[in-house]
Amino acid sequence: MLASVTVRAPAKVNLSLGVGSLRPDGYHGLATVFHAVGLYDDLVATPMPEGSGLQLHVEGEGAKLVPLDDTNLASRAVHALVPHGASRDVSLTIRKGIPVAGGMAGGSADAAATLVALDSLFDLGLSREDLMEIGAGLGSDVPFSLHGGTAVGSDRGTELTTALVRGSYHWVIVFAEGGLSTPNVYRECDRLRGGDQVADPVVPDQVMSALRAGDPVALGRALHNDLQPAALSLRPQLAHVLRAGEEYGALGGMVSGSGPTCAFLARDDEHALDLAVAFTASGVCRTVKRASGPVQGARVVDQRISH
Ligand code: C5P
């Protein structure tokens, strides 16, 4: 029997996020390129005596903003695995490095980490495909948090195809004060579109060819996010952050997913350090981090055996 399992799950940015019209099921069809970057949440799962129930502890970046009730995606992941043989008597400790409600799939990372941790802890024998299917029921970004790397996402972001990528990309991630609610940002996107039907989104060729060539300059030019106008409408201050990125010479910049975190692409690690220093000195943001991608999806990094 294992005494504990530690799983590390990455944040994501969307290199391209095309959003279709609102569907009857309440979601929007997407054509997106997910890219996992090296900002992580670590989750430690420990089995507890029978009858203890689920115990959830959250520490680190933005921990106070994380709900600890049954709406928490990690709790929902535990409940989703009970029919597959997992016990509810488990303690989860999440160390957050991913901004909460930041548009970087932090909640999805915690759900993905929980699925991987409990599969290992209770020896459930579920495949990655099984976990991705269960994950899709928890949230649209959970399958990608399991998948990692760089992948094209369609449907509501849950259908994934691995993308061919050369090289590594260096990002400066600029955290904002407070979060944005994803459903509110999608609603604002619909409002700004004034009820017009939009064409089915596609991933632009420029993004895929830049990735295949390993060309950060071309990728910087091709970055695109259909949710950006909505995030800017709800949080106008983000325009200052995006302008600062341009001024400081980022190859490209955008709101990450539904925001309010912004991501800027640098030429290399040294350029990323220069950009990060400039952002820190500017006072336009709360916290600045550097991260490179692509990185692996949620995976076990430590296992303790009980004696
Ligand atoms: O799937 P998830 O729970 O993360 O989605 C949260 C909300 O974001 C959905 O209820 C929906 O309002 C919106 N959403 C959407 N289209 C998507 C993904 C999410 O409209 N493809």
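Nothing in this text is a laboratory measurement; each read-out follows from the coordinates by a stated rule. These figures come from a predicted structure and were not determined experimentally. FYI the Cβ positions are ideal-geometry reconstructions off the backbone, even for glycines, and counts take in every protein chain you see.
Annotations for the structure displayed:
- Within-13-Å neighbourhood charge of L121 [Cβ basis; K, R +1; D, E -1]: -2
- Within the stretch 165-244, trypsin sites (Lys or Arg not before Pro) in DSSP loop having at most 13 other beta-carbon neighbours inside 10 Å: R166
- Tail beyond 14 Å, pair distance distribution of the stretch 169-240 (Cα, percent): 71
- Using only side-chain charges placed at the Cβ, +1 for Lys and Arg and -1 for Asp and Glu, the dipole size of the chain relative to its Cα centre rounds to 460 debye.
- Taken about its Cα centre, the stretch 37-121 carries a charge dipole of about 120 debye when Lys and Arg each add +1 at the Cβ and Asp and Glu each add -1 at the Cβ.
- Taking every alpha-carbon pair within the stretch 1-68, the share separated by more than 14 Å comes to 76 percent.
- 10 Å beta-carbon shell around M48, net charge (K/R +1, D/E -1): -1
- Separation of the T161 and R221 label points, Cα + 7 Å toward Cβ, nm: 2.5
- Separation of the Q296 and D196 label points, Cα + 7 Å toward Cβ, nm: 4.6
- For D190, the shell of other residues with beta-carbons less than 12 Å away shows a net charge of +1, using +1 for Lys and Arg and -1 for Asp and Glu.
- Selection from M1, L30, G107 lying farthest towards where the dipole of the stretch 1-118 points positive, charges on Cβ: L30
- Whole-number D in µm² s⁻¹ for the chain, Kirkwood Cα-pair radius fed into Stokes-Einstein, 25 °C, 0.890 mPa s: 125
- Cα gyration tensor shape of the stretch 54-184, rounded if a/c is under 1.5, else prolate or oblate by comparing a/b with b/c: oblate
- Here's the list of lysines a cross-link from K64 could span, going by alpha-carbon distance under 16 Å and ignoring same-chain residues fewer than 8 apart: K96.
- Here the gap between L65 and S127, fully extended at 0.36 nm per residue and compared with their Cα-Cα distance, gives a gain of 19.1 nm.
- With helices as the sole contributors, the chain gives -9500 deg cm²/dmol at 222 nm; each DSSP H run of n ≥ 4 counts as -39500 (n - 2.57), and the sum is divided by every residue.
- Share of pairwise Cα separations in the stretch 218-307, more than 23 Å, in percent: 32
- Ordering S292, L43, L121 by the projection of their Cα atoms onto the charge dipole of the chain, which places +1 on the Cβ of Lys and Arg and -1 on the Cβ of Asp and Glu, puts S292 at the extreme positive end.
- Per-residue Karplus couplings for the stretch 84-96, computed as 6.51 cos²θ - 1.76 cosθ + 1.60 with θ equal to phi - 60°, are listed in order as 9, x, 6, 9, 7, 7, 8, 10, 10, 10, 10, 9, 8 Hz, Gly and Pro entered as x.
- Distance from the alpha carbon centroid of the stretch 258-293 to that of the stretch 154-200 works out to 19 angstrom.
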